[in-house]
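> Pasting a structure here, questions to come.
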């Protein structure tokens, strides 16, 4: 039910994002989803990749600071109101969202939303009880 | 262990009598042999006969780095050059280096004091002394080297740099005592971690670190990461070299000044007035046994205080507290006096912040700005922006609360701050003053 995500610290200077993606490309790592949070001074790149161990290793070898967190991937219908429904469920269940990002699948029937919660297990319960489909780790990696 | 027990535990009154006797003879000697000292004393209105004991020391004029430069290279030597068996020189980052000389006896005294220092750190015959202080004009390498041999230990003359090779030698030769700058020790610790070397697999038991100011939290950090006791040693070429004062393993608090050879004073750097024991000010040294290059009331520019309380180790020599900064390192940021070591103290008290930092001082319009760059390690990193911003804010607040300065904090990627192989450069002052 949980998906592992890696995060990378980036100084806000030109070329750093390109450096990360180059390191990963050279190691043959495939990116499944990503989001970048940025402030005036620094950015945090969050990635879901097909080989987390290898990705972490090559980034560390290249002197990047790398973190690892668990997130939840939720399937949502790709139509108006799909997102609102899920957020309504979370709100009712008193679950706080730290951050989230979304991507649309090839088929176009569903979108996938990656959620980062502090109360991870509680959030999973609330979503499952409301009948929302949570993707397994393997499913996300094989998308 | 105490290397020269009789001398190092001399009762204070006997010690002071010995200092007085040596001081009187020194003053006569430099007055007779060095024209510059004679002129300086004349200008200050002091005759050698005015100096009868240590209590008269304050009547003598100070000697500064500038005086040494004026007499470059050999003008302050008190013996002919054919009696000088070695010279050393300071790095001379600004202008000409300062040159110092040693007779055969001076080299022997120095070796003895360095042997005392190593013994105070628990070293003795049978120890493998890994000497990573630089060999050359800098006094660190050779000073420590001769001391280790005098002690009867085995010395590995590594010098600085080539960190991977240093670690290989440590592993293969079984180094037990490490001598280097504290910033280089951290550099080595980092490379050990990267190479997967468990510090517990090494035989290192003690590290004797000096040649740059460091802090108590940095000691804890080095001890944790290298699994050894980290001790502080002090010295400067103008006074002798390493081994002017040294912390003992028993006390691990303050450095015993080898007072049978050096008289330490603390003065107010602004007025030059001597300060009472315990007060913080500029450290001043008079060497009372050196032959080739004795020095009178040398202003070290190092900021510290003298501790007169008895020590657990039994030595009667007063201790100097760790050097908290230098009068010329002192930054004045919007009128607030600030030493890089104070910032280090604040940073290291924030959990798990890396000891690698740099201060960038700039002037925007008429306002000074200070930026503290801190490396983001895995321990402090988070995937959430608010956590990292919280870290910056916390450092900022601590700086404000504890030091009264408003600094901006910039989180930088690991390894972007230059690593030291000798003395770390902590401050980049871009102000054109």
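The numbers here are math on the coordinates, done by the rules we state, and not lab data. This is a predicted model, so every value here is computed, not measured. FYI the Cβ positions are ideal-geometry reconstructions off the backbone, even for glycines, and counts take in every protein chain you see.
> Take the Cβ-Cβ distance between residue B:309 and residue A:70 as r, set R0 to 35 Å, and report the resulting FRET efficiency rounded to the nearest 0.05.
In this case the efficiency is close to 0.05.
> Right, here's the next one. With angles folded into 0 to 90 degrees, how steeply does helix A:82-92 sit against the dominant principal axis of chain A? Use alpha carbons for both and round to 10.
In chain A, helix A:82-92 runs at an angle near 80 degrees to the longest axis.
> Mind pulling the angle between the C-alpha long axis of helix B:340-349 and the longest principal axis of chain B? Nearest 10 degrees, somewhere in 0 to 90.
40 degrees
> Related question: Could you work out the mean count of beta carbons from other protein chains within 10 Å of each residue's beta carbon in B:173-186?
Whole-number average of other-chain Cβ neighbours for B:173-186 is 0.
> Across peptide B:380-393, what mean number of C-beta atoms from other chains lies inside 10 Å of a residue's C-beta?
For this peptide, the per-residue mean of nearby foreign Cβ atoms is 5.
> By the gyration tensor of its Cα atoms, with a ≥ b ≥ c the square roots of the eigenvalues, what is the shape of segment B:354-433: rounded for a/c under 1.5, prolate for a/b over b/c, or oblate?
It is oblate, given that a/c is not under 1.5 and a/b is not larger than b/c.
> If packing is taken as the average number of other Cβ atoms within 10 Å across a peptide's residues, how do B:78-86, B:174-182 rank, most packed first?
Descending mean neighbour count gives B:174-182, B:78-86.
> Be a star and scan segment B:257-284 for residues whose amide nitrogen sits under 14 Å from the point 7 Å along the Cα-to-Cβ vector of residue B:83.
none
> Which length gain, in nm to one decimal place, applies between residue B:250 and residue B:21 when the Cα-Cα distance is subtracted from 0.36 nm times their residue separation?
In short, 79.3 nm is gained.
> Can you list the equivalent-ellipsoid semi-axes of the protein assembly as shown, largest first and in whole Å, using the square root of 5 times each Cα gyration tensor eigenvalue?
59, 25, 20
> Estimate the FRET efficiency between residue A:102 and residue A:62 by the formula 1/(1 + (r/R0)^6), using the beta-carbon distance for r and 35 Å for R0, to the nearest 0.05.
The value I calculate is 0.75.
> Another question, if that's okay. Using 5 Å bins from zero, what percent of all Cα-Cα pairs in segment B:71-138 falls into each bin?
P(r) for segment B:71-138, in whole percents per bin: 4, 14, 17, 20, 17, 14, 8, 5, 1.
> Right, next: Calculate the length of the line joining the C-alpha centroid of segment A:1-74 to that of segment B:245-273, in whole Å.
About 52 Å separates the Cα centre of segment A:1-74 from the one of segment B:245-273.
> Enumerate the residues in segment B:233-258 having an amide nitrogen under 20 Å from the point lying 7 Å beyond the Cα of residue B:349 toward its Cβ.
B:253-254
> Please find, in a Gaussian network model of chain A (springs between Cα atoms separated by less than 10 Å), the residue of A:28, A:81, A:43 whose mean-square fluctuation is greatest.
A:81
> Would you look at the GNM of chain B, springs on alpha carbons closer than 10 Å, and say which of B:68, B:402, B:283 moves the most?
In the Gaussian network model the winner is B:402.
> If you scale each eigenvalue of the Cα gyration tensor by 5 and take the root, what three semi-axes come out for segment A:3-69, rounded to whole angstrom and sorted largest first?
18, 13, 10
> Roughly how far apart, in whole Å, are the Cα centres of segment A:84-143 and segment B:37-82?
Here the answer is 80 Å between Cα centres.
> Give me the extension gain from residue B:50 to residue B:418: residue separation times 0.36 nm, minus the current Cα-Cα distance, reported in nm with one decimal.
Full-extension gain reported as 127.3 nm.
> Within 10 Å of each Cβ in B:149-160, how many Cβ atoms from other chains are there, averaged over the peptide?
0
> Is segment B:1-152 best put as rounded, prolate or oblate by its Cα gyration tensor, with a ≥ b ≥ c the root eigenvalues, rounded for a/c under 1.5, and otherwise prolate when a/b is larger than b/c, oblate when not?
oblate
> Rounded to two decimals, what ratio of Rg to Rh does segment B:189-262 give with C-alpha atoms and a Kirkwood Rh?
Value, to two decimals: 1.05.
> Would you calculate a helix-derived [θ] at 222 nm for the protein assembly as shown, using -39,500 (n - 2.57) for each DSSP H run of n ≥ 4 and dividing by the full residue count, to the nearest 500?
-9000 deg cm²/dmol
> In whole Å, what are the extents of segment B:4-89 along the principal axes defined by its C-alpha atoms, from largest to smallest?
Reported extents, whole Å, longest axis first: 39, 34, 21.
> Another question, then. Residue separation times 0.36 nm, minus the C-alpha to C-alpha distance between residue B:280 and residue B:227: what's the value?
Additional length available on full extension: 15.9 nm.
> For chain A, set up a Gaussian network in which alpha carbons nearer than 10 Å are linked by springs, and say which option among A:26, A:70, A:122 fluctuates the most.
Comparing A:26, A:70, A:122 in the GNM, the peak value goes to A:26.
> For labels at residue B:72 and residue B:330 in the simple 7 Å Cα→Cβ model, what's the distance in nm?
Simple spin-label model gives 2.6 nm for this pair.
> For segment B:119-204, what does the alpha-carbon gyration tensor say about shape, rounded, prolate or oblate, given a ≥ b ≥ c as the root eigenvalues, a/c under 1.5 as rounded, and a/b over b/c as prolate?
Oblate.
> Another question, then. Which angle from 0 to 90°, rounded to the nearest 10, does the C-alpha axis of helix B:104-120 make with the longest principal axis of chain B?
40 degrees
> Could I ask something else about it? Rounded to the nearest 0.05, what FRET efficiency do residue B:4 and residue B:402 give with R0 = 45 Å and r taken as the Cβ-Cβ distance? Could you check?
Taking R0 as 45 Å, the efficiency between residue B:4 and residue B:402 is 0.60.
> Okay, moving on. What is the spread of the Cα atoms of segment B:204-328 along each of their three principal axes, largest first, in whole Å?
Over segment B:204-328, Cα extents along the principal axes are 42, 31, 27 Å.
> Hey, how many Å between the Cα centroid of segment B:97-118 and the Cα centroid of segment B:288-348?
Cα centroid to Cα centroid, the span is 21 Å.
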